[in-house]
Amino acid sequence: MSTLDSIDSLLFSLSRAFCSPFAKFIQIQGCFICLALALGWALAAYVRNREIKQMKDSVRGGNSFAFLFHDINELEHSNQVNLPRVTVVMPLKGFGEHNLHNWRSQITSLYGGPLEFLFVLESTEDPAYHAVSRLLSDFKDDVDAKIIVAGLSTTCSQKIHNQLVGVEQMHKESKYVLFLDDDVRLHPGSIGALTAEMEKNPEIFIQTGYPLDLPSGSLGSYCIYEYHMPCSMGFATGGKTFFLWGGCMMMHADDFRHDRYGVVSGLRDGGYSDDMTLSALAGAHKRLITSPPVAVFPHPLANDLTFSRYWNYLRKQSFVLESYISKVNWKMNRALFSTHCYLSWGFVVPYFMAMIHVAAVLRVYIKGYTLEETKFASSGLLLVNYLAVCTFIELISMWNLTRIEVQLCNLLSPEAPRLSLASYNWGLVFIAMLVDNFLYPISAFRGHFSKSINWSGTRYHLKEGKICKIERKESGSNFTDLARKHLYGKKGAPPKVSLLGSLTRSLTQWRPPKKFDI
């Protein structure tokens with residue numbers, strides 16, 4: 001028997017096996033996962049689109065400041081003068097290509113009440129220190145902002161340490177504290193919108209938002225976009241949610257002053273992830289988390305985001321499920337771990353089966369067999385068609401949500417260069433869906449057994465869900481993963497180009513996406 005005959009025999013055997021009842025269940029399950037994602041994104045698009053319609057109705061009613069308030073009467077001095085004081089705490093690490101733009105969008109907020117900004121860094125040797133100093137010198141007395149040097153963390157992650165040092169030094173009259181990552185690009189009315197919701201409902205424990213990723217063109221950047229998109233439906237509720245993003249969190253300042261619900265001790269004593277810890281505390285004490293529909297922020301990804309940096313980011317994101325503060329929180333994380341891994345591979349496996357079915361049908365056609373002679377091929381092709389239709393519906397739904405979020409961001413920031421969908425390569429989006437869902441379980445299991453993670457040269461070790469040891473002996477990378485921020489004040493060596501990186505570059509060159517003018 002020739003090699004080609006052996007391959008044909010294997011193909012036909014696999015295709016026949018993939019027509020068994022159990023294999024059909026796996027493939028149909030993949031179709032249902034696609035449709036469930038499509039439905040979730042459709043509902044998220046409905047919520048965001050409802051906000052767009054309200055803003056347009058307000059503009060037609062004569063309110064040219066609808067991007068700030070739906071009701072123009074809110075701009076009256078009598079209302080603005082009574083707005084509460086807000087402290088914005090920004091833990092910083094490194095300096096990259098989008099940071100200055102992001103910081104400017106934060107400190108030039110059109111919030112009408114008292115507002116202070118605290119930029120918190122590990123040390124003055126951080127490249128962000130000099131960049132922030134120059135930025136603040138440009139604004140001088142126009143904004144209330146200062147730089148705080150927090151020093152090294154000893155009992156928690158460096159980000160959490162910086163946040164806690166920031167809240168210790170916030171103004172004594174601040175009613176709310178807003179934590180922002182340095183990759184958040186605020187809209188002029190974002191702080192006002194978040195504060196208005198807190199004032200409207202004092203029962204809110206945390207308000208949060210979510211980023212709209214703007215891929216730079218590489219496969220790695222599309223994998224980041226695809227990784228974040230399923231979570232986006234949990235943040236587009238227009239109200240109560242169980243999800244929390246550490247990049248944007250507004251809370252009551254007194255919760256930190258008095259350590260209510262253990263927010264300070266829970267973060268300080270072994271905290272690894274700020275959002276996972278606070279989310280667990282909210283669940284344990286039955287506190288309310290909300291996400292207003294306007295809390296979606298443009299997040300441009302680095303122009304040179306390589307696949308290896310995406311993998312590093314995925315490792316860190318999946319590792320958060322290894323941190324917990326209680327037995328109940330541990331059980332919840334194990335459930336999330338198991339469900340995410342099952343659904344990820346449950347999404348990918350049907351495409352592998354579909355590829356075998358298509359290859360078998362092609363060989364049947366080339367060899368001149370009829371489909372009646374090979375009924376398994378006909379049955380397999382039917383399953384492939386089902387999956388193709390469901391995948392198309394899923395991609396259309398993802399495209400629609402992205403389109404609406406782009407439109408919403410343009411309305412919320414009328415002074416900024418307009419965002420566009422023109423740069424999105426939907427062929428790469430589909431490939432990223434397969435790559436990301438295939439790699440996530442591998443990343444999650446690796447983190448589960450290692451119990452440690454390297455963050456830019458600092459290695460955190462977990463024991464019983466909390467940081468028990470911090471090592472700073474590793475050199476690490478000179479750059480962060482998503483924004484390619486310089487971490488140590490000097491440019492690192494150019495990254496090595498892998499075979500996968502070369503393939504990625506070939507794909508992007510096949511249809512070069514336009515650059516975002518932002």
Cα centroid distance between region 141-193 and region 12-62, in Å? 37 Å
GluC sites (Glu not before Pro) within region 387-419: which are DSSP loop residues with at most 10 other Cβ atoms inside 10 Å? 415
Added length on full extension, which subtracts the Cα-Cα distance from 0.36 nm per residue, residue 154 to residue 442: 100.7 nm
How large a share of the accessible area of the chain, in percent, is made up of carbon and sulfur atoms when the probe is 1.4 Å and the other protein chains stay in place? 60 percent
Using the Karplus curve 6.51 cos²θ - 1.76 cosθ + 1.60 with θ = phi - 60°, work out ³J(HN,Hα) for each residue of region 190-206 in order, rounded to whole Hz, and write x for Gly and Pro. 4, 5, x, 5, 5, 5, 4, 5, 5, 5, 5, 9, x, 6, 5, 8, 9
Would you mind classifying region 69-306 by shape? Square roots of the alpha carbon gyration tensor eigenvalues, ordered a ≥ b ≥ c; an a/c under 1.5 is rounded, otherwise it is prolate if a/b is larger than b/c and oblate if not. rounded
Set the Förster radius R0 to 51 Å, insert the Cβ-Cβ distance between residue 260 and residue 104 as r into 1/(1 + (r/R0)^6), and round the FRET efficiency to 0.05. 0.90
In the chain, what percentage of the DSSP-assigned beta bridges are antiparallel, given to the nearest 5? 45 percent
Roughly what angle does helix 158-168 make with the longest principal axis of the chain, taking Cα atoms, 0 to 90 degrees, to the nearest 10? 30 degrees
Along the Cα-to-C-beta direction of residue 366, a point sits 7 Å from the Cα; which residues of region 5-26 have their amide N less than 18 Å from that point? 5-16
To the nearest 10 degrees, the tilt of helix 426-450 (Cα long axis) against the first principal axis of the alpha carbons of the chain is 80 degrees
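What relative contact order, as a whole-number percentage, does region 1-106 give when Cα pairs under 8 Å and 6 or more residues apart are counted? Show your work: numbers first, answer last.
Working: 20 pairs, mean separation 8.8, N = 106.
Dividing the mean separation by the residue count of region 1-106 yields 8 percent.
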Angle check, please: helix 274-284 long axis (alpha carbons) against the longest principal axis of the chain (alpha carbons), in degrees 0 to 90, nearest 10. 90 degrees
Would you mind getting the accessible area per residue of region 69-306, heavy atoms of the protein chains only, 1.4 Å probe, in Å²? 36 Å²
Neighbour cut-off at most 13 other Cβ (10 Å), DSSP loop, GluC sites (Glu not before Pro), region 117-214: 125, 173, 203
Projected label distance in nm at residue 46 and residue 28, using a 7 Å step from Cα toward the beta-carbon: 2.6 nm
Report the Cα centroid-to-centroid distance between region 263-311 and region 322-344 in angstrom, as an integer. 16 Å
Restricting to Cα pairs under 8 Å and 6 or more apart, the percent relative contact order of region 69-306 works out to 25 percent
Positive end of the dipole of the chain, charges at C-beta (+1 Lys, Arg; -1 Asp, Glu), about the Cα centre: which of 310, 258, 21 has its Cα farthest in that direction? 21
Kindly provide the helix-only [θ] at 222 nm of the chain, computed as the sum of -39,500 (n - 2.57) over DSSP H runs of four or more divided by all residues, to the nearest 500 deg cm²/dmol? -17500 deg cm²/dmol
Using the Karplus curve 6.51 cos²θ - 1.76 cosθ + 1.60 with θ = phi - 60°, work out ³J(HN,Hα) for each residue of region 380-395 in order, rounded to whole Hz, and write x for Gly and Pro. x, 5, 5, 5, 4, 5, 4, 5, 5, 5, 5, 5, 4, 4, 4, 5
What ranking, highest mean first, results for peptides 69-76, 262-269, 359-366 when packing means the other Cβ atoms within 10 Å averaged over each residue? 262-269, 359-366, 69-76
The chain: relative contact order in percent, alpha carbon pairs under 8 Å with at least 6 residues between: 22 percent
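The values are calculated or read from the model by the stated rules, or taken from the named source; none is laboratory data. Keep in mind that this is a model prediction, so the values were computed, not measured. Backbone-built Cβ (ideal geometry, glycine too); neighbour counts: all protein chains shown. For the accessible areas, the whole protein counts, side chains as well, though only heavy atoms, and no ligand, DNA or RNA atoms are used. Shrake-Rupley method; radii C 1.70, N 1.55, O 1.52, S 1.80 Å.
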